[in-house]
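See below for the structure under consideration.
The values are calculated or read from the model by the stated rules, or taken from the named source; none is laboratory data. What you see is a predicted model, and the numbers here were worked out from it, not measured in a lab. So basically every Cβ, Gly included, is an ideal-geometry build from the backbone, and we count neighbours across all protein chains shown. Note: accessible area is taken over every heavy atom of the protein model, side chains too, but ligands, DNA and RNA are not part of it. Shrake-Rupley method; radii C 1.70, N 1.55, O 1.52, S 1.80 Å.
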Amino acid sequence: SQIRRRFKLTFNKRYLFAIFLPLLLIPIFLSTDIRSLFSSNISSLKFNKVSDQLKESQLQALYLLNQQLTSLLSLWNHTFVNSNDNVSAVQFDDIKASLLNQITLNKHIQQTLLSPHKTGNTLQNATVLDPAYAGYSFDRCRKVDLKFSERRTIEWKPKPNKFLFAICLSGQMSNHLICLEKHMFFAAVLNRALVIPSSKVDYQYNRVLDTEHINDCVGKNAVIPFEDFMEMKKNHAHIDRFICYFSSPQPCYVDEEHLKKLRSLGISMGKLESAWKNEDIKKPSQKTIKDLEEKFASDDDVIAIGDVFFAEMERDWVTQPGGPIAHKCKTLIEPSKLILLTAQRFIQTFLGSNFIALHFRRHGFLKFCNAKKPSCFYPIPQAADCITRMVERANTPIIYLSTDAAESETGLLQSMVVLNGKTIPLVKRPPRNSAEKWDALLYRHGIEDDPQV
């Protein structure tokens with residue numbers, strides 16, 4: 001009976017609680033909008049998030065506006081305050097390019113301010129960001145008008161058995177090619193065939209240059225490989241006059257070791273002579289075609305001129321697009337067919353038809369440029385900013401990177417080349433992989449390890 005009484009008491013308390021609790025909750029539920037309580041909390045969270053984004057975008061926009069103000073003041077000082085009345089076409093193009101940079105920066109500021117209001121991938125009032133919409137008619141990426149038909153050219157007509165022996169010693173392959181190109185101009189002016197240097201004293205040009213292409217373009221045997229020249233001379237050639245373009249810091253930029261190598265090839269020569277007594281490679285003076293003819297014209301069969309890499313003669317003529325020599329091709333100097341085919345295969349494999357090619361010379365500029373004041377050896381972030389602006393102007397999706405920089409530098413560069421939130425890939429020549437076929441020609445002909453290739 002005691003157990004039965006306790007059970008009834010417990011049973012009664014539990015049921016009474018279960019019955020009265022809903023009766024108490026029903027009035028509260030009817031008098032209160034529960035959903036409004038939760039939605040107000042959510043909306044306040046959303047508002048706080050948008051508010052933070054607005055503050056962040058406004059601060060960033062203020063920073064960008066300050067940058068724009070500094071750039072515009074600099075443009076004003078350089079263009080109008082310290083300028084003459086006459087503005088050259090080149091200066092005018094630079095002004096247009098600078099203004100385009102400011103328009104691009106303004107676009108960036110607008111994007112920054114509007115970013116909290118994005119819907120999907122589109123911005124509200126997106127037409128404000130389109131320069132074309134505002135009537136800008138200039139070309140965002142200027143193209144060079146080559147005007148080959150208007151070039152000032154000279155016919156290269158070598159006289160029979162008249163040769164110019166090229167001497168190129170300063171720098172690496174790029175310098176040697178420039179030196180060789182200047183020698184072609186000398187040979188054309190002096191009506192001589194140009195003898196390509198031997199690989200035993202110079203770079204092995206036949207690995208990288210298409211000499212047959214040069215002769216085809218000119219229409220004559222204007223360029224002769226060293227081996228063919230020695231065969232014509234029955235393996236013993238004499239340089240009748242060895243003329244030095246520069247006299248300082250040393251004649252012809254030639255040392256005794258180089259002269260010994262030339263003699264070991266079966267070449268004899270007389271004493272070195274200087275065309276000008278005070279011509280210094282550090283301060284080359286401007287020379288005309290008349291100066292060149294006066295100092296280097298000769299009736300001798302074989303003359304040598306060295307080293308002309310630093311020579312300054314007829315600059316506008318020599319450096320014009322297409323070169324100073326009359327020819328029927330698009331370009332006179334081209335890589336060998338092996339390298340051209342390999343390059344085409346690399347482009348088809350990795351780059352596609354629309355890309356930027358960048359030669360990023362870090363070690364060379366550190367050695368030769370950092371000693372200057374002000375230095376032109378730029379930090380990676382500054383280089384990345386310049387590259388990004390070029391990518392935006394050219395509207396290209398990818399960059400081919402040729403560089404001697406370390407992986408740490410190229411890695412940092414890659415992380416900073418970003419446009420509209422998208423990283424622009426930097427593609428380098430990959431390590432050898434037997435599964436890839438684009439570079440098979442290089443390996444088949446044994447030139448895969450040549451860094452110049």
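The test for being within 24 Å of Phe226 (Cα to Cα) and out of contact with any helix residue (DSSP H, G or I) (no Cβ under 7 Å at 6 or more places or on another chain) holds for Glu257. Consider segment 404-436 and keep the residues that are of a type in the set (S, T, N, Q) and surrounded by 14 or more Cβ atoms within 10 Å (Cβ to Cβ). The one that is farthest from Thr104 (Cα to Cα) is Thr410.
Can you name the residue in segment 379-403 that is in a loop (DSSP other than H, G, I, E, B), under 20 Å from Phe350 (Cα atoms) and not β-branched (Val, Ile, Thr) and, of all such residues, is least open to solvent (accessible area, probe 1.4 Å)? Top of the filtered list is Pro397. Out of all the residues in segment 150-162, is one or more in contact (Cβ under 8 Å) with a residue 24 or more places away in the chain, open to solvent by 30 Å² or more (accessible area, probe 1.4 Å) and farther than 24 Å from Glu294 by Cβ? Scanning segment 150-162, I find at least one residue that is in contact (Cβ under 8 Å) with a residue 24 or more places away in the chain, open to solvent by 30 Å² or more (accessible area, probe 1.4 Å) and farther than 24 Å from Glu294 by Cβ, so the answer is yes. Of all the listed residues (Glu273, Glu227), the sole one being at pLDDT 90 or above, surrounded by fewer than 17 Cβ atoms within 10 Å (Cβ to Cβ) and over 15 Å from Ile303 (Cα atoms) is Glu227.
Among the residues of segment 287-305, which ones are open to solvent by 30 Å² or more (accessible area, probe 1.4 Å) and touching a helix residue (DSSP H, G or I) at 6+ places or on another chain (Cβ under 7 Å)? Passing the criteria: Ile289, Glu293, Ala297. Does segment 200-219 contain any residue that is closer than 30 Å to Lys367 by Cβ, in contact with a helix residue (DSSP H, G or I) (Cβ under 6 Å, 6 or more places away or on another chain), open to solvent by 10 Å² or more (accessible area, probe 1.4 Å) and in contact (Cβ under 8 Å) with a residue 12 or more places away in the chain? Scanning segment 200-219 turns up at least one residue that is closer than 30 Å to Lys367 by Cβ, in contact with a helix residue (DSSP H, G or I) (Cβ under 6 Å, 6 or more places away or on another chain), open to solvent by 10 Å² or more (accessible area, probe 1.4 Å) and in contact (Cβ under 8 Å) with a residue 12 or more places away in the chain. Every listed requirement among (1) under 37 Å from the mean Cα position of the chain (by Cα); (2) outside any strand (DSSP E or B) is met by Ile243 save one, (2). In segment 306-323 there is no residue that is modelled with pLDDT of 90 or more, surrounded by fewer than 20 Cβ atoms within 10 Å (Cβ to Cβ) and touching an Asp or Glu at 6+ places or on another chain (Cβ under 8 Å).
At least 1 residues being more than 15 Å from Phe186 (Cα to Cα) and in contact with a Cys (Cβ under 8 Å, 6 or more places away or on another chain) is the threshold, and among the strands (runs of 3 or more DSSP E) wholly inside segment 263-310 those reaching it are 272-274. Scanning segment 337-393 for residues that are of a type in the set (Gly, Ala, Ser) and over 30 Å from Leu209 (Cα atoms) returns Ala371, Ser375, Ala383, Ala384.
Given the condition of a type in the set (Asp, Glu) and either open to solvent by 40 Å² or more (accessible area, probe 1.4 Å) or out of contact with any Phe, Trp or Tyr (no Cβ under 7 Å at 6 or more places or on another chain) (or both), answer yes or no: does some residue in segment 234-243 qualify? Taking every residue of segment 234-243 in turn, at least one turns out to be of a type in the set (Asp, Glu) and either open to solvent by 40 Å² or more (accessible area, probe 1.4 Å) or out of contact with any Phe, Trp or Tyr (no Cβ under 7 Å at 6 or more places or on another chain) (or both). Number of residues in segment 411-453 that are under 18 Å from His359 (Cα atoms), in contact with a Leu (Cβ under 7 Å, 6 or more places away or on another chain) and not charged (D, E, K, R) equals 6.
Filtering segment 334-378 to residues that are among the charged types (D, E, K, R) and assigned to a helix (DSSP H, G or I) leaves Lys337, Arg345, Arg362, Lys367.
In segment 200-240, of all residues being in a helix (DSSP H, G or I) and charged (D, E, K, R), the one that is nearest to the chain's Cα centre (by Cα) corresponds to Arg207. Of everything listed in (1) outside any strand (DSSP E or B); (2) within 21 Å of Asp299 (Cα to Cα), the single unmet condition for Phe165 is (1).
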